[in-house]
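Before any comments, here is the structure.
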């Protein structure tokens, strides 16, 4: 994986979402609220500047890969911040390796099927259809919608680098994991400090917020915001992450 590093201090690792690349977090890590930390930002395999894999890993396999990568990192245990699919991966890593993490922050990660905005469209296609033109059509629709949604312009740019096979595999996994509505319970059950940041009103759907509350997960509404919470409300998002990082650093 290609990995970017900024800053000096306790580590925060950022895991991007479906089709994204690590540079999506650049405006967030530049916030003064996070100036005291080292920011470690990989491009996941198949995305950004990382190579397209010969075989696309599923999300469970990718979580195992990230767990091993995190275990090999020098320094203290990191706070892991994940957006969207990255939030799901943060939860999966916390289930596997709680002793290797200081905390997780899940930014608008999938909770129910209502959150599968783009993954649902990709998963509805066969892999053959995806590769034969479905991914191009999906990207062009996002480009058109970006005329009135600045965050989608950045998403479209990232998708130009994304591997369609990896995107399809991860989309199918996100739909499969979101459908049974157990991700909120799994987040609430991890044994490391875990915070969910929900974009309100246009991030995770109302059903997902209900599931988070019913599961007893710690979640924070950031509003007004959509799915790219850290784009819509960077200062508030940075404040929440900084508070989590400061709390676990104080306990270390």
#### Entry: Matching entry among 217, 198, 221, 235 (being assigned to a helix (DSSP H, G or I) and either at pLDDT 95 or above or over 28 Å from residue 121 (Cα atoms) (or both))
235
### Query
Any residue at all in region 211-222 that is in contact (Cβ under 8 Å) with a residue 60 or more places away in the chain, buried (at least 19 other Cβ atoms within 10 Å of the Cβ) and either touching a helix residue (DSSP H, G or I) at 6+ places or on another chain (Cβ under 8 Å) or under 28 Å from residue 98 (Cα atoms) (or both)?
yes
### Query
List, please: which pairs have Cβ atoms under 6 Å, are six or more places apart or on different chains, and start with a residue in region 66-77 that is in contact (Cβ under 8 Å) with a residue 12 or more places away in the chain and on the phi < 0 side of the Ramachandran plot and end with one that is buried (at least 19 other Cβ atoms within 10 Å of the Cβ) and part of a helix (DSSP H, G or I)?
66/93; 67/93
## Note on the structure
Of the residues in region 129-138, those that are surrounded by fewer than 19 Cβ atoms within 10 Å (Cβ to Cβ) and at negative phi come to 129, 131, 132, 136, 137
### Message
For a quick check of your reading of the model, give me the residue pairs whose first member lies in region 141-161 and is more than 16 Å from residue 121 (Cβ to Cβ), whose second is modelled with pLDDT of 95 or more and surrounded by fewer than 16 Cβ atoms within 10 Å (Cβ to Cβ), with beta-carbon atoms closer than 8 Å and at least 6 apart or on different chains.
### Response
161/49
### Query
If you scan region 61-75, which residues turn out to be in contact with a helix residue (DSSP H, G or I) (Cβ under 9 Å, 6 or more places away or on another chain) and loosely packed, with under 14 Cβ neighbours inside 10 Å?
71
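Across region 157-171, what is the number of residues that are in a helix (DSSP H, G or I) and either in contact with a strand residue (DSSP E or B) (Cβ under 6 Å, 6 or more places away or on another chain) or surrounded by 20 or more Cβ atoms within 10 Å (Cβ to Cβ) (or both)? Spell out how you get there, then give the answer.
Step one: list which residues in region 157-171 are in a helix (DSSP H, G or I), which gives 157-159, 164-171.
Restricting the remaining residues to those that are either in contact with a strand residue (DSSP E or B) (Cβ under 6 Å, 6 or more places away or on another chain) or surrounded by 20 or more Cβ atoms within 10 Å (Cβ to Cβ) (or both) gives 158-159, 164, 166-171.
Selection size over region 157-171: 9.
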### Message
Of the residues 107, 93, 113, 142, only one is buried (at least 16 other Cβ atoms within 10 Å of the Cβ) and in contact with a strand residue (DSSP E or B) (Cβ under 6 Å, 6 or more places away or on another chain); which?
### Response
107
### Query
On the given criteria, is residue 102 more than 14 Å from residue 87 (Cα to Cα), buried (at least 21 other Cβ atoms within 10 Å of the Cβ) and touching a strand residue (DSSP E or B) at 6+ places or on another chain (Cβ under 7 Å)?
yes
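The values are calculated or read from the model by the stated rules, or taken from the named source; none is laboratory data. Given the structure is predicted, the values throughout are model-derived calculations rather than measurements. No Cβ is skipped: glycine too gets one built from the backbone with ideal geometry, and neighbour counts run over all protein chains shown.
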